[in-house]
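Inspection log for the structure reproduced underneath, given as structure tokens.
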Amino acid sequence: MLFRKLFQLVCMFAMTAPVTCDSDVTKDTLSSLQQQMQTLQVAFQSQNAEIHELKAENKELKVEQQNQKERIDYITAENNELKDYLQLQLMTKQKRVSDDAAGIGFTTSMSSDAALGDHQIIMFDTILTNDGNGYDSRHGHFTAPVTGLYAFSVTVMCVGNESNLHVAIMKDGQRIGRVFANGNNYDNGSKLVVVQLDAGQMVWVEHEFDPSGYKIHGNGHSAFSGFLIMAY
């Protein structure tokens, strides 16, 4: 715009410039004005070219901006779909855990007296309850069907006036509780523990040591129970 106005002013000046008797001065003046006009015309053309180039770039930017907006909308839609999918998966998992956790619990006891050796697993062979099939009477293990918080209770009774009983509650080989019964007139001991278990971890009861052939009283007096408090 500035170059256009200057160009117009030069043209008006050239048309209104006073004519003198000095032809050489007039020629020089006209020549100078023509050069200025040519310079302004070149600058004007260059400016027009830059304006056209900027307009083209602006158009490209608008197209790119529109493409970016479409990509953002597409990614947003995909993200929302992924959130919905993950939410559905979480709800499905929670429902499955809830279904699996429903009714996990067992109560077992010993049917008869038994001699015990060092670190021998005590076999509670009479099953009263085994919802969830976590307890295996063949091996004396409880295996957690789901990850969660569990409670276990153990009661052991000596046979008559036999020696003392030292019993441990074990979680995957780690002692998590101890039970003692004094070998005097059918003494008994009990313990309740609350422990976190991952699915597949095992809990059992074992006799810790046996220097003199300890015996544990059966007939339902020695028992092992457990149940799920809360699934994770």
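About its Cα centre, the dipole of the stretch 102-231 is roughly 220 debye, where the only charges are +1 on Lys and Arg Cβ and -1 on Asp and Glu Cβ. Taking a straight line from the alpha carbon of Lys27, not one of the lysines sits under 20 Å away once near neighbours fewer than eight places off in the same chain are left out. Subtracting the Cα-Cα distance of Ile229 and Asn79 from their residue separation scaled by 0.36 nm leaves 50.3 nm.
Sorting the segments 159-167, 37-45, 176-184 by their residues' average number of neighbouring beta-carbon atoms within 10 angstrom, most packed first, yields 159-167, 176-184, 37-45.
Can you give the net charge of the other residues whose Cβ lies under 13 Å from the Cβ of Ser163, counting K and R as +1 and D and E as -1? Taking every other residue near Ser163 into account, the sum is -3.
Candidate cross-link partners of Lys171 among the lysines, defined by an alpha-carbon separation under 27 Å and a same-chain spacing of 8 or more, comprise Lys93, Lys191, Lys215.
By the rule of a C-alpha distance below 15 Å, with chain neighbours fewer than 8 residues away ignored, the aspartates and glutamates paired with Lys69 are Glu60, Glu78.
Throughout, read-outs are computed from the coordinates displayed, never taken from laboratory work. Bear in mind that the values here come from a model prediction, so they are computed numbers and not experimental data. No Cβ is skipped: glycine too gets one built from the backbone with ideal geometry, and neighbour counts run over all protein chains shown.
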